[in-house]
Amino acid sequence: NSDKSLTGKTVLITAGPTYEAIDPVRFIGNHSSGKMGFSIAEEAANRGANVILISGPSSELSNHQNIEIFRVTSAKEMFTKVFEYYENADIAIASAAVADYAPKEIAQEKIKKSEDSLTIKLVKNPDILKTMGERKTKQFLVGFALETQNEEENAKGKLQKKNLDMIVLNSLRDEGAGFKGSTNKIKIITESTVTEFPLKSKTEVAKDILTFIEEQILK
Ligand code: C5P
């Protein structure tokens, strides 16, 4: 699929981890590399889409002329940026590994080492994707799920709860799948279908995801 099949479409993509500050030098984060989201962005741009890529801290780069990149740090910043662009998007793909919780208070000064134990109170972050589902008008909405048990059932539940059109499931049980590496093994789940794909590079996985979305939009 090397034609410009997404010409005229605006695709909003979230990518990477979020970092939630504890104090001026420390944060809570995760091992997401941002590779999957950047690969989807590149492929969508190659297909002619106008891509808005909102990424948490990631060493991935792109200078594709169809991609506008916004770099954010925390879930709250990602939320704000997403909803500057969501209304106008035709397709929205949430591949970011957003932290579920953030420190309730960010210490103004570096926390000193003192007691043997230290408690940091966390509060729930906004669910960006769930909010996209609630505010859905015309958008074809795609989420990701990384499950360790009852994967398909949990992914289906998420599809419904977040009002998604499809969900991409990565299994942690599959070697080479997930978060950090450059390969991934996915299942695509819609209301009525489950489609399994073999282990591939994230570049190839991005093609499978976008081809699947195009088929759904056209039918
Ligand atoms: O519920 P769970 O975190 O497993 O859902 C994963 C999906 O939700 C991913 O697509 C992720 O990008 C999105 N998400 C989000 N904002 C959050 C948490 C998850 O957009 N705060």
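Where a number appears in this text, it was derived from the coordinates with a stated rule and is not lab data. Bear in mind that the values here come from a model prediction, so they are computed numbers and not experimental data. Note: ideal-geometry Cβ built from the backbone for every residue, glycine included; neighbour counts use all protein chains shown.
Just one of (1) under 15 Å from the mean Cα position of the chain (by Cα); (2) surrounded by 19 or more Cβ atoms within 10 Å (Cβ to Cβ); (3) among the β-branched types (Val, Ile, Thr) fails for Thr73. It is (2). With the requirement that a residue be surrounded by 14 or more Cβ atoms within 10 Å (Cβ to Cβ) and farther than 15 Å from Glu42 by Cα, what does the range 194-214 give you? Within the range 194-214, Phe197, Leu199, Lys200, Phe212, Ile213, Glu214 qualify. Filtering Thr137, Thr73 for residues that are among the hydroxyl-bearing types (Ser, Thr, Tyr) and touching a Ser or Thr at 6+ places or on another chain (Cβ under 8 Å) leaves a single hit, Thr73.
Pairing each residue of the range 48-68 that is farther than 24 Å from Gly181 by Cα with any residue that is among the basic types (Lys, Arg) and surrounded by fewer than 19 Cβ atoms within 10 Å (Cβ to Cβ), provided the two are 6+ apart or on different chains, yields C-beta distances under 8 Å for Gly48/Lys4. Can you name the residue in the range 200-219 that is part of a helix (DSSP H, G or I) and without any contact (Cβ under 8 Å) to a residue 24 or more places away in the chain and, of all such residues, is nearest to Gly34 (Cα to Cα)? Looking at the filtered set, the residue picked out is Glu204.
Criterion applied to Ile217, Ile167 was being surrounded by 19 or more Cβ atoms within 10 Å (Cβ to Cβ), under 22 Å from Leu12 (Cα atoms) and touching a strand residue (DSSP E or B) at 6+ places or on another chain (Cβ under 6 Å), and the one residue passing it is Ile167. Within the range 4-13, can one find any residue that is under 19 Å from Phe144 (Cβ atoms), surrounded by fewer than 23 Cβ atoms within 10 Å (Cβ to Cβ), within 13 Å of the ligand (Cβ to nearest atom) and touching a residue at least 24 places away in the same chain (Cβ under 8 Å)? No, that holds for no residue.
Residue by residue, here is whether (1) closer than 25 Å to Glu134 by Cβ; (2) surrounded by fewer than 16 Cβ atoms within 10 Å (Cβ to Cβ) holds:
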| site | (1), (2) |
| --- | --- |
| Pro24 | no, yes |
| Phe27 | no, no |
| Gly37 | yes, no |
| Ala49 | yes, no |
| Leu61 | no, yes |
| Ile91 | yes, no |
| Val98 | yes, no |
| Glu105 | no, yes |
